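A.B. asks: Just passing along the structure, written as structure tokens.
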Amino acid sequence: MLPVILVEFDLGYGWAGGILTSFLLTIAAFSLIFGHFSDRFSRYSIMSLGFILASVGFFLSGFSHTVSTLVVTLLLAAIGVSTYHPSMYATVDENAQEKRGKIYGFFEFWGVVGILGVFFIFGSLLQMVDWRGIFFLTAIPGIWLAFLFIRKPFPTQTHSRSSDRTESTKTTSGFSLKIFSLFFIGLSLRILSITAIVNFAPTYLVREFHLPIAIANYGTGFIFLGGMIFTLTFGILSDRYNQVIILLFLSGMIAPIIFLLAISHQLLLVYILLFLLGGFWLGFSPVQNIYVSTLTSSIGKGMGFGFLMGFMTLTNAFGPGLFGVLADFTNLRTAILWYTMPALLGWLLLLIMARLMKKPNMNS
């Protein structure tokens, strides 16, 4: 919907990126808060509250006639969005006693199925209703899900936090603060490049390839189609093969793909690259979550995944804004080209982390 909103409010790329940045900053801050709460209160109740806030925010966004009201209502929705991932990732991890990669792969797979469905359904709906109607429709499922989550019984999490600490003494003794820092900074730089490209992909297809908005949304659906396939595949593979190699391979492919996106003028090749970008982006999630669970288990799983979402989203929040400003001063293709750099740097940090983990004194 971003291209339509830009036209209606007569906004430049910088404004568009600023809206996305504000949305992500809000998610980052509240992910840390709700991640902390999710280790102390019912995670299902927290997620139920989040669905209500998100639905109310999106519903009110549909009534916005000024940029300021649009931003305020979207930030309310962002608070609701921030409740989900710390609570749900912790819940999934606690129920994954074995084959965690496969379980995370299935979890991410169905999440991407939902996102892919949204792109194709809303791409069609944009031909029948305006962007305000899309916001109204987006608000409906959250109310239903809030009702389902609030009714679901949830066990106490005292035992799970105790087991977290016990597990941490077995799994994290070999990891230093340096490895911890390299891991999270590397992830953040990687995501900094990816989500800026993903958020601007519809605008890129509309402005550079002159596609209708609905068709452009179908095009970005290829991102999540790739993610759907790769997430399940690499989730299963991460239980069978060296997880460090998988982590480095999936991270290392991002920069070349973004570079090719910037220089390609063939629409078919762009579709293929978007498919691969989504695959290497989201296929990374299962092995990433396994590492997060291991490295942060001593502080509680909810807090650990809240830290992940907060840290990554905080870093990434500036990505769309910086990308928009850069595109205003140059052009979309040049901005995409520059965004290969964070992806490359993130991969180098993960490579350094992997080399440090191999040193004997790191496992002593």
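The values are calculated or read from the model by the stated rules, or taken from the named source; none is laboratory data. It should be emphasised that the depicted structure is a prediction, and the values quoted were computed from it without experimental measurement. Here Cβ is always computed from backbone atoms with ideal geometry, including for glycine, and neighbour counts include all displayed protein chains. For accessibility, only protein heavy atoms count, side chains too; no ligands or nucleic acids. Shrake-Rupley method; radii C 1.70, N 1.55, O 1.52, S 1.80 Å.
A.B. asks: What is the range 1-74 by shape, rounded, prolate or oblate, if you read a ≥ b ≥ c off the alpha carbon gyration tensor as root eigenvalues and call it rounded for a/c under 1.5, prolate for a/b larger than b/c, and oblate otherwise?
C.D. replies: prolate
A.B. asks: Can you give me the angle between helix 243-252 and the longest principal axis of the chain, using Cα atoms only, in degrees from 0 to 90, rounded to the nearest 10?
C.D. replies: Tilt of helix 243-252: around 20 degrees.
A.B. asks: Roughly how tilted is helix 100-125, in degrees to the nearest 10 and between 0 and 90, from the longest Cα axis of the chain?
C.D. replies: Roughly 10 degrees between the two axes.
A.B. asks: Once fully extended, how much extra length lies between ARG240 and GLU8, figured as 0.36 nm per residue of separation less the alpha-carbon to alpha-carbon distance?
C.D. replies: Computed gain between ARG240 and GLU8 is 78.4 nm.
A.B. asks: Can you give me the accessible area per residue for the chain, using a 1.4 Å probe, in Å²?
C.D. replies: Using a 1.4 Å probe on heavy atoms only, each residue of the chain averages 44 Å².
A.B. asks: Separate question: Equivalent ellipsoid semi-axes for the chain, as square roots of 5 times the alpha carbon gyration tensor eigenvalues: give them largest first, rounded to whole Å.
C.D. replies: Equivalent-ellipsoid dimensions as semi-axes: 32, 26, 18 Å.
A.B. asks: From Cα pairs below 8 angstrom and at least 6 apart in sequence, can you work out the relative contact order of the range 176-276, rounded to a whole percent?
C.D. replies: Across the range 176-276, relative contact order equals 30 percent.
A.B. asks: What does the extension gain come out to for ILE150 and SER181, with contour length at 0.36 nm per residue minus their alpha carbon separation?
C.D. replies: 7.5 nm
A.B. asks: By accessible area of protein heavy atoms, probe 1.4 Å, what ranking do THR138, THR26, THR83 get, highest first?
C.D. replies: Descending order: THR138, THR26, THR83.
A.B. asks: Work out the FRET efficiency for ILE140 and MET341 from their Cβ-Cβ distance, taking R0 = 41 Å, and round it to the nearest 0.05.
C.D. replies: Given R0 = 41 Å and the Cβ-Cβ separation, E is 0.50.
A.B. asks: How would the range 207-270 be classified by its alpha-carbon gyration tensor: rounded, prolate or oblate, with rounded meaning a/c under 1.5 and the a/b versus b/c comparison settling the rest?
C.D. replies: oblate
A.B. asks: Once a ≥ b ≥ c are taken as the square roots of the eigenvalues of the Cα gyration tensor of the range 69-122, is the result rounded (a/c under 1.5), prolate (a/b larger than b/c) or oblate (a/b not larger than b/c)?
C.D. replies: oblate
A.B. asks: Could you grab the relative contact order for the chain? Cα pairs under 8 Å, six or more apart, rounded to a whole percent.
C.D. replies: The value is 33 percent.
A.B. asks: Percent of accessible area on the range 75-153 owned by carbon and sulfur, 1.4 Å probe?
C.D. replies: 71
A.B. asks: A further question follows. Mind checking the angle between helix 340-358 and the chain's longest principal axis? C-alpha axes, 0 to 90 degrees, to the nearest 10.
C.D. replies: That helix lies at roughly 10 degrees to the long axis.
A.B. asks: Report the charge-dipole magnitude of the chain in Debye, nearest 20, computed about the Cα centre from +1 at each Lys and Arg Cβ and -1 at each Asp and Glu Cβ.
C.D. replies: 980
A.B. asks: Determine which residues of the range 206-239 fall in the zone a paramagnetic label at LEU267 would reach in this model, i.e. backbone nitrogen under 13 Å from the point 7 Å along Cα→Cβ.
C.D. replies: 206-220
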